[in-house]
Structure formats: C-alpha cells, structure tokens
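The values are calculated or read from the model by the stated rules, or taken from the named source; none is laboratory data. Values in this document were obtained by computation on a predicted structure and should not be read as measured data. Neighbour counts run over all protein chains shown; Cβ positions are idealised from the backbone, glycine included. Surface areas here come from the heavy atoms of the whole protein model, side chains and all, with no ligands, DNA or RNA. Shrake-Rupley method; radii C 1.70, N 1.55, O 1.52, S 1.80 Å.
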Amino acid sequence: MNYAIVIFITAIISYLLGSCNFSIIVVRLLKGKDIRKFGSGNAGLTNTLRCFGKIPALLTLAGDLLKGIVSVIICRYIAVLLEAGLGPENDVHYIGYIAGVFAIIGHVLPVYYGFKGGKGVLVGVSVFIVIDPPAFAVIMLIFITVLVVSHYVSVSSMTAAALVPFVTFIIQYFAEKAPLWLAAVNMALTIPMALLVIFMHRTNMVRLKNGTENRFSFNNNKEK
C-alpha cells in the first residue's frame, strides 16, 4: 500500500515542479516576452540561448536542472520515510526515475502555461545527478561528443536519451554491483523517460530529414 501512496505523491509533486518552466519564467521576467513565440517555439534552453542570449539561457539551465533535482530529493525522502524501498536494503532509486518521468511530463505539458512547454531534456538529465552521478557523467559525455561531431543539439539529445537505459544498466550492474533484478528494474524505469524525450523531438526529426534543422555553433554559442 505504501508503494501506491508514494508513487501517487511522487507523480503529483514531480508534475507540479516540472510544470515550472524556467525558460518561460526567465524570458518573461527579463524580457517581458513569451519564448514560445520566438525561434523554434520551444520553451527550452537552446531556443532561449538562440533568441535571447547567454544570461537568460544560464538562468534557464540552472532552474530546469534544479527542479528535477528537487523533485527527486523530495520524493526519495518520502519513499524512505514511508519505508517504500525495494529489496532488503530498502533501495529507493526507483522513485527517482518515476519522479523524472512526471517532471518531464510537467515540463512538456505545464499546467501553469496552457500545457505548452519544452522537450524535457534538461529535466531528464538532472534527475541522474541525484540518482546515479556516474550515469549522469557518461550521459553528458555522450551528449557533448555527439554535439561536437554533429553540431545538432537535437541529435545529441536523442542519442543520449536512447542510450540512457543501457548506460543505467551497465553502470549499476557492472560498476556498482547492484543485483541483476534491481539493475533491470531501474533500466526499465528509464525507458519511459527516454521515449518521452525522443518523442518530443519528432519535429526535429522532420527538419533533419528535410535538411532544415538548426545547427549549433561553438564560436558564437548560437544556432545557425
């Protein structure tokens, strides 16, 4: 019974925190504008950087990372408090992944902004800072490597997202020596997060196919 209660509370808290879209908040406070009406129309870091510059982008980065981190910390604490961990060691990693899923949903479909938000990449990445720092490091390395090679943020995001389940399993089972069943459960819980992020890039896939996708330049920190 405790598991159902914890998952329900996690879903509500994470969705509401995820709905706090800092791209929308920052641009509105600093510029008095709606980021969703500029550039690609996406309420996310890359579009904020391209349309409004470094300071709004940095504040967006900090805010969207923080909300994912806070979601996981709060929900893991509740899981521990209600003794809703898995296995004899009361492992609460699983609740962090569930928090991540609903935080991404909140970011994508924010209740405060007419259910029109961003793509959830930053939020998805942020939960790994708390849940599994080694996995976070590998995911970021994959993202940066693909970005350097391709110059497409969308390709980097989708590639990193697609590899998250495999990275999670490999690190937890082989490096952290987690039981096979626990590593498999945690890997499975990352799949909805990965699919959500990839699905939200479907318009980018069309632009990539048509050759109209924006490319990222490291020289001026703007997309071309």
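Observations on the structure shown:
Conditions tested, residue by residue: (1) at pLDDT 95 or above; (2) of a type in the set (Val, Ile, Thr); (3) open to solvent by 50 Å² or more (accessible area, probe 1.4 Å); (4) within 30 Å of Leu86 (Cα to Cα).
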site	(1), (2), (3), (4)
Met140	yes, no, yes, yes
Thr145	yes, yes, yes, no
Ser150	yes, no, no, no
Ala161	yes, no, no, yes
Phe166	yes, no, yes, yes
Thr190	yes, yes, no, yes
Leu196	yes, no, no, yes
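- Tabulated pairs, the range 67-96, first open to solvent by 10 Å² or more (accessible area, probe 1.4 Å), second among the charged types (D, E, K, R), C-beta under 7 angstrom, 6+ apart or interchain: Asn90/Glu83; Val92/Arg76
- Residue check, Met200 within 21 Å of Gly39 (Cβ to Cβ), aliphatic (A, V, I, L, M), surrounded by 14 or more Cβ atoms within 10 Å (Cβ to Cβ) and touching a residue at least 60 places away in the same chain (Cβ under 8 Å): yes
- Residues (open to solvent by 30 Å² or more (accessible area, probe 1.4 Å) and closer than 11 Å to Lys119 by Cβ) located in the range 43-63: Leu45, Thr46
- Residues satisfying the stated conditions in the range 179-222, i.e. more than 13 Å from Tyr94 (Cα to Cα) and aliphatic (A, V, I, L, M): Leu180, Ala194, Leu195, Leu196, Val197, Ile198, Met200, Met205, Val206, Leu208
- Per-region count, the range 161-177, residues aliphatic (A, V, I, L, M) and without any contact (Cβ under 8 Å) to a residue 24 or more places away in the chain: 1
- The criterion of at least 1 residues that are basic (Lys, Arg) is met by none of the helices (runs of 4 or more DSSP H) wholly inside the range 64-167.
Let's see how each residue does on (1) closer than 20 Å to Met200 by Cα; (2) in contact with a helix residue (DSSP H, G or I) (Cβ under 6 Å, 6 or more places away or on another chain); (3) at pLDDT below 95:
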| site | (1), (2), (3) |
| --- | --- |
| Asn2 | no, no, yes |
| Ile5 | no, no, no |
| Ser14 | yes, yes, no |
| Ser23 | yes, yes, no |
| Val27 | no, yes, no |
| Leu30 | no, yes, no |
| Thr48 | yes, yes, no |
| Leu58 | no, no, no |
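- For the range 141-167, a residue qualifies if it is among the hydroxyl-bearing types (Ser, Thr, Tyr), more than 16 Å from the chain's Cα centre (by Cα) and farther than 27 Å from Ala184 by Cα, and the qualifying residues are Ser150, Tyr152.
- Hits in the range 1-51 - residues which are assigned to a helix (DSSP H, G or I) and among the small types (Gly, Ala, Ser): Ala4, Ala11, Ser14, Gly18, Ser23
- Unmet criterion (only one of (1) part of a helix (DSSP H, G or I); (2) open to solvent by 40 Å² or more (accessible area, probe 1.4 Å); (3) touching a residue at least 12 places away in the same chain (Cβ under 8 Å)) for Asn214: (1)
- Scanning the range 105-120 for any residue that is open to solvent by 10 Å² or more (accessible area, probe 1.4 Å), closer than 27 Å to Lys177 by Cβ and of a type outside the set (D, E, K, R) turns up nothing.
- Residue in the range 173-181 that is open to solvent by less than 60 Å² (accessible area, probe 1.4 Å), farther than 22 Å from Asn42 by Cα and of a type in the set (Gly, Ala, Ser) present: yes
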